[in-house]
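Working notes, structure below.
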Amino acid sequence: MSITLICITVCSIFRHTATIALATFAVPENITTNASMTLWVLPLTCSIAVIYKTLKLPEIKLVVFVKETAMLFGSIIVFLAVSALVVLVAAYLFV
(Lines give C-alpha, C1' and ligand atoms only; values in the text may rest on other atoms or scores of the structure.)
Protein backbone atom coordinates (compact mmCIF):
# COMPACT_ATOMS: atom_id res chain seq x y z
CA MET A 1 0.00 0.00 0.00
CA SER A 2 1.17 3.45 -0.69
CA ILE A 3 1.38 6.06 2.02
CA THR A 4 -1.27 8.13 0.26
CA LEU A 5 -3.79 5.29 0.36
CA ILE A 6 -3.10 4.74 4.05
CA CYS A 7 -3.61 8.44 4.79
CA ILE A 8 -6.88 8.51 2.83
CA THR A 9 -8.14 5.42 4.67
CA VAL A 10 -7.24 6.83 8.09
CA CYS A 11 -8.84 10.18 7.26
CA SER A 12 -12.07 8.57 6.11
CA ILE A 13 -12.26 6.42 9.26
CA PHE A 14 -11.60 9.48 11.43
CA ARG A 15 -14.22 11.52 9.55
CA HIS A 16 -16.82 8.75 10.03
CA THR A 17 -16.01 8.44 13.74
CA ALA A 18 -16.11 12.19 14.24
CA THR A 19 -19.48 12.39 12.50
CA ILE A 20 -20.93 9.75 14.80
CA ALA A 21 -19.46 11.45 17.87
CA LEU A 22 -20.90 14.82 16.87
CA ALA A 23 -24.28 13.26 16.04
CA THR A 24 -24.66 12.06 19.62
CA PHE A 25 -24.68 15.70 20.77
CA ALA A 26 -27.47 16.53 18.32
CA VAL A 27 -29.79 13.91 19.84
CA PRO A 28 -29.75 14.36 23.62
CA GLU A 29 -30.46 11.57 26.06
CA ASN A 30 -34.04 11.44 27.25
CA ILE A 31 -33.91 12.02 31.00
CA THR A 32 -37.12 11.20 32.81
CA THR A 33 -38.04 12.04 36.38
CA ASN A 34 -38.63 8.55 37.75
CA ALA A 35 -36.79 7.02 40.67
CA SER A 36 -34.62 4.72 38.54
CA MET A 37 -32.93 7.71 36.90
CA THR A 38 -31.35 8.60 40.25
CA LEU A 39 -29.19 5.48 39.87
CA TRP A 40 -27.17 7.38 37.24
CA VAL A 41 -25.58 9.24 40.15
CA LEU A 42 -23.62 6.10 41.12
CA PRO A 43 -21.31 5.85 38.07
CA LEU A 44 -20.96 9.63 38.04
CA THR A 45 -19.92 9.64 41.69
CA CYS A 46 -17.54 6.74 41.13
CA SER A 47 -15.90 8.59 38.25
CA ILE A 48 -15.54 11.74 40.32
CA ALA A 49 -14.01 9.81 43.23
CA VAL A 50 -11.52 7.93 41.03
CA ILE A 51 -10.40 11.03 39.14
CA TYR A 52 -10.12 13.15 42.30
CA LYS A 53 -8.06 10.56 44.16
CA THR A 54 -5.89 9.97 41.09
CA LEU A 55 -5.02 13.65 41.04
CA LYS A 56 -4.62 14.15 44.81
CA LEU A 57 -2.69 11.09 45.98
CA PRO A 58 1.07 11.70 45.83
CA GLU A 59 1.81 8.03 45.20
CA ILE A 60 -0.77 5.57 43.93
CA LYS A 61 -0.67 2.16 45.57
CA LEU A 62 -3.57 -0.16 44.80
CA VAL A 63 -4.75 -0.88 48.35
CA VAL A 64 -4.53 2.74 49.48
CA PHE A 65 -6.10 4.00 46.26
CA VAL A 66 -9.08 1.63 46.46
CA LYS A 67 -9.60 2.40 50.17
CA GLU A 68 -9.42 6.18 49.69
CA THR A 69 -11.66 6.07 46.60
CA ALA A 70 -14.25 3.91 48.36
CA MET A 71 -14.29 6.28 51.35
CA LEU A 72 -14.75 9.30 49.11
CA PHE A 73 -17.44 7.50 47.07
CA GLY A 74 -19.31 6.56 50.24
CA SER A 75 -19.08 10.01 51.75
CA ILE A 76 -20.39 11.64 48.58
CA ILE A 77 -23.32 9.19 48.42
CA VAL A 78 -24.15 9.75 52.10
CA PHE A 79 -23.99 13.53 51.63
CA LEU A 80 -26.28 13.30 48.60
CA ALA A 81 -28.75 11.08 50.48
CA VAL A 82 -28.83 13.42 53.49
CA SER A 83 -29.25 16.44 51.21
CA ALA A 84 -32.11 14.75 49.37
CA LEU A 85 -33.77 13.88 52.66
CA VAL A 86 -33.47 17.48 53.90
CA VAL A 87 -34.98 18.80 50.67
CA LEU A 88 -37.78 16.22 50.85
CA VAL A 89 -38.62 17.15 54.45
CA ALA A 90 -38.48 20.86 53.63
CA ALA A 91 -40.79 20.32 50.66
CA TYR A 92 -43.36 18.53 52.81
CA LEU A 93 -43.16 21.10 55.60
CA PHE A 94 -43.20 24.32 53.60
CA VAL A 95 -45.14 23.47 50.46
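The figures follow:
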{"read-out": "Wholly within the chain, helices (runs of 4 or more DSSP H) carrying at least 2 residues that are modelled with pLDDT under 85 and exposed (fewer than 10 other Cβ atoms within 10 Å of the Cβ)", "value": "3-26"}
{"read-out": "Condition met for ILE77 (among the hydrophobic types (A, V, I, L, M, F, W, C), closer than 19 Å to ALA35 by Cβ and out of contact with any Asp or Glu (no Cβ under 8 Å at 6 or more places or on another chain))", "value": "yes"}
{"read-out": "First in segment 67-95 and in the same structural domain as TRP40 (by TED's automatic domain parsing), second anywhere and assigned to a helix (DSSP H, G or I) and among the basic types (Lys, Arg), Cβ under 9 Å, 6 or more apart", "value": "GLU68/LYS53; GLU68/LYS56; THR69/LYS53; LEU72/LYS53"}
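The values are calculated or read from the model by the stated rules, or taken from the named source; none is laboratory data. Note that this is a predicted model, so its numbers are computed, not measured. Every residue, glycine as well, gets a Cβ built from its backbone with ideal geometry; the counts of neighbours run over all protein chains shown.
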